[in-house]
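Just below is one structure, and these are the notes that go with it.
Read the figures in this text as sums done on the coordinates, not as results from a lab. It should be emphasised that the depicted structure is a prediction, and the values quoted were computed from it without experimental measurement. No Cβ is skipped: glycine too gets one built from the backbone with ideal geometry, and neighbour counts run over all protein chains shown.
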Amino acid sequence: MSKLKLQLVTVDLDNGQSGVFIGLPLITDEHSDDECQVEDIWFSDLQDLPEAMSLAQVIRMIREQLRCSQMRLQ
């Protein structure tokens, strides 16, 4: 079985709410803190996903969103 690296990002708001976001690795041990400063953050619209959606399907969706956002930045 092939393995897929995922990274969790936890965001705490000053109103006490928290959220955890799952995605492809953004920061790895190979990068220094100077190379990994946050430049921008954006949130997609809420999406209704089927409960039975597989992790592979979610990752495909994430990769497509990343591809589309990178194309907009060019």
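Quick notes on this one:
- Inter-site label distance for residue 20 and residue 54 at 7 Å from Cα along Cβ, in nm: 2.3
- Charged side chains reduced to their Cβ positions (Lys and Arg at +1, Asp and Glu at -1) give the chain a dipole of some 560 debye around its Cα centre.
- Value at 222 nm in deg cm²/dmol, rounded to 500, when DSSP H runs of n ≥ 4 in the chain each add -39,500 (n - 2.57): -9000 deg cm²/dmol
- Using a Förster distance of 22 Å, the FRET efficiency for residue 70-residue 4 (Cβ separation, nearest 0.05): 0.65
- The chain: relative contact order in percent, alpha carbon pairs under 8 Å with at least 6 residues between: 22
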